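Colleague: Below you'll find the structure I mean.
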C-alpha cells in the first residue's frame, strides 16, 4: 500500500471498527501528545490500554499500564504507536510475535517506516502511518 496518502474511507473504517487500542509509549505527563490522544480516545468510547515499560503497574487516566504488548491478556484491535520511526522494526517484531495480532497498526505524526509497514501488511494487518486520531476522527466522523 502507498502510505503517501490515504483514502478517507480507509481511515474512517479503521476508526469505526476498532474498539480496543493499545497505546504504545503512553505518558503520564499531561503535556505529552500521547496523554492527550489517550484522553481523546477514551472520551470517544474506545477501550485504551497504555503500554510503557517504565510505568508498568501504575495507571494513566485511570487505565492500568502494561510493560509490553505481550503482557496484555485480551485481544487488541489497534496498536497506536508513539515511538520514533527508528523503533518501528522492533515494534513490528513485538506485534508479529503476539498470539493474536491486532487488526491495525497506527503510527503517530512523524512516525513512518514503510519496510516495517510492509511486514505488517504481509501478515494481514492494516497500517496507517504518520497520522493522528485526534485530527482524523473529527474530520471524518464528526460528532459520531
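The values are calculated or read from the model by the stated rules, or taken from the named source; none is laboratory data. Given the structure is predicted, the values throughout are model-derived calculations rather than measurements. Here the Cβ positions follow ideal geometry from the backbone for every residue, glycine too, while neighbour counts run over all protein chains shown.
Colleague: For segment 98-131, which positions are within 25 Å of residue 32 (Cα to Cα) and surrounded by fewer than 18 Cβ atoms within 10 Å (Cβ to Cβ)?
Modeller: Matches in segment 98-131: 109, 110, 112, 130.
Colleague: Would it be correct to say that residue 95 is under 13 Å from the mean Cα position of the chain (by Cα), under 17 Å from residue 19 (Cα atoms) and surrounded by 18 or more Cβ atoms within 10 Å (Cβ to Cβ)?
Modeller: So residue 95 fails the test.
Colleague: Working only within segment 20-30, note down all residues that are within 11 Å of residue 79 (Cα to Cα) and assigned to a loop (DSSP other than H, G, I, E, B).
Modeller: Within segment 20-30, just 25 meets the criteria.
Colleague: State which residue pairs qualify: first residue touching a residue at least 60 places away in the same chain (Cβ under 8 Å) and on the phi > 0 side of the Ramachandran plot and inside segment 120-144, second residue assigned to a strand (DSSP E or B) and surrounded by 11 or more Cβ atoms within 10 Å (Cβ to Cβ) in any location, beta carbons under 8 Å apart, and separation of 6 or more residues or different chains.
Modeller: Pairs that qualify, where the first residue is touching a residue at least 60 places away in the same chain (Cβ under 8 Å) and on the phi > 0 side of the Ramachandran plot and the partner is assigned to a strand (DSSP E or B) and surrounded by 11 or more Cβ atoms within 10 Å (Cβ to Cβ), are 130/107.
Colleague: Please go through segment 65-89 and give me each residue that is buried (at least 19 other Cβ atoms within 10 Å of the Cβ), in contact with a helix residue (DSSP H, G or I) (Cβ under 6 Å, 6 or more places away or on another chain) and in a loop (DSSP other than H, G, I, E, B), ordered by number.
Modeller: Residues satisfying the conditions are 65, 82.
Colleague: So residue 34 passes all but one of these: (1) in contact (Cβ under 8 Å) with a residue 40 or more places away in the chain; (2) in contact with a strand residue (DSSP E or B) (Cβ under 8 Å, 6 or more places away or on another chain); (3) under 14 Å from residue 102 (Cβ atoms). Which condition number does it fail?
Modeller: The number of the failed condition is (3).
Colleague: A follow-up question, please. Return yes or no: is residue 13 in a loop (DSSP other than H, G, I, E, B), modelled with pLDDT of 95 or more and either surrounded by 13 or more Cβ atoms within 10 Å (Cβ to Cβ) or touching a strand residue (DSSP E or B) at 6+ places or on another chain (Cβ under 9 Å) (or both)?
Modeller: It is false that residue 13 is in a loop (DSSP other than H, G, I, E, B), modelled with pLDDT of 95 or more and either surrounded by 13 or more Cβ atoms within 10 Å (Cβ to Cβ) or touching a strand residue (DSSP E or B) at 6+ places or on another chain (Cβ under 9 Å) (or both).
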